[in-house]
Amino acid sequence: MKILVLGHKGMLGTDLMTTLGGAHDVIGKDAGDFDIASVSDCRDVVKETGANVVINAAAYTNVDGCETDENRCFSVNADGVKNVALACRGTDIKLIHFSTDYVFDGTKSVPYVEEDACNPINAYGRSKLKGEEYLSEFSNNYILLRTSWLYGKNGRNFVGAIVEKAEKTGQLEVVDDQTGSPTYTVDLAAAVKVLIEGDYRGVFHVTNRGTCSWYQFALKILEYKGMENVRIVPIKSAKLGKGAPRPEYSVLSCRKFADATHKTMRFWQIALKDYMISA
C-alpha cells in the first residue's frame, strides 16, 4: 500500500513511519509541508502523494493550552479532520484518525466501550469529539482509533517528565485520582498496521492493557529507572490547579479490537519496561 502519514515528525507519527515503512510505501508530511487548517493544502497533499491510505496523526495535544486557545485547538483537532476527510472523499482512500479517552466525562467505573455516549469536560476533548463527528460525516471509509496516555521516544511525554523532575529535585507530587491506561506509541503503531492490513473499518479503542493512576504510573517509571529512593507523594488533582479538568476514570475497553483482530495489546508495565530499556 501507499500510505501518507500526516504529522509524521510527531511522537506517534515517527513510530508509524518506522512500523509501516518495512512493508509499505510510506510518505510523511508535517506542518512545514502543508497547513491542516487549509482545505486546499489538504487536498493538494493527498492528491500529489497518490496514497490509498491516509493516516492523520496531526493534533494539538496541549490539554491545558486548549483551554486558553480554543481557536487553534479546534482549527487543528476538528476543522483539520474535516479538511483531510474532504480531501479523501469520493475516492477509495482509507482514512485513519486518532481520538482520545478525553471525549468521555470519567463518571463510569468500568471501561468505556466504543458505543458509550461522549461527554467531554474540557476544550481538548470537545475539539477531538468534533473531529470524530466530522470524520463520520465526511468519510465512509475510515478507522477511528481512541487511545490514551501516550508516550514514546520522539516527543515530550509523562515518562520523560517524571524522570527529568526526579533527577532535578529528588522528590515528586503526582495525582492519584485519575485512572487510565498508559500506551506506548510503538504498540499503537503496531495495532494500526494490523487494522490497515486487515481492511477494518469503524471505531476501535486501542491502549495497552491494564490500568493505573498517574501516581502508580510514576512509581513504576522510577522503579524501572532504578530511582526508588526518590520521594513521591500522591496528591489530588485540585492541588495542581491546572487549567483543564480531567476525567477521573477514562479507561477504554479494547475488547472490540481483540475480538476483531485476534490480537491483544501488551500490559502497560511490559510496554513501559521495553520503552525504558530502549529509550
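Derivation of every value follows stated rules applied to the coordinates shown; laboratory data play no part. Given the structure is predicted, the values throughout are model-derived calculations rather than measurements. Because the Cβ atoms are built from the backbone with ideal geometry, glycine has one as well, and the counts that use them run over all protein chains shown.
Between the Cα long axis of helix 39-49 and the first principal axis of the chain there is an angle of about 80°, rounded to the nearest 10. Quick check on the stretch 1-63: take the gyration tensor over C-alpha atoms, sort the square-rooted eigenvalues as a ≥ b ≥ c, and tell me if it's rounded (a/c under 1.5), prolate or oblate. Oblate, because a/c is 1.5 or more while a/b does not exceed b/c. Annotation: for a label point projected 7 angstrom from Cα along Cα→Cβ of Met1, residues of the stretch 82-124 with backbone N closer than 19 Å are 84-99. For the stretch 50-56, backbone phi angles converted through the Karplus equation (6.51, -1.76, 1.60; θ = phi - 60°) give residue-by-residue couplings of x, 6, 9, 9, 10, 10, 9 Hz, Gly and Pro being listed as x. Between 0 and 90 degrees, the angle of helix 214-225 with respect to the longest Cα principal axis of the chain falls at about 80 degrees. The angle between the Cα long axis of helix 11-21 and the longest principal axis of the Cα atoms of the chain comes to about 50 degrees, rounded to the nearest 10. Calculated [222 nm] ellipticity per residue, helices only, for the chain: -12000 deg cm²/dmol; basis is -39500 (n - 2.57) per DSSP H run with n ≥ 4, divided by all residues, nearest 500. Annotation: the antiparallel percentage among DSSP beta bridges lying fully within the stretch 136-236 is about 15. Peptides 131-138, 12-19 ordered by packing proxy, namely the average of other Cβ atoms within 10 Å per residue, highest first: 12-19, 131-138.
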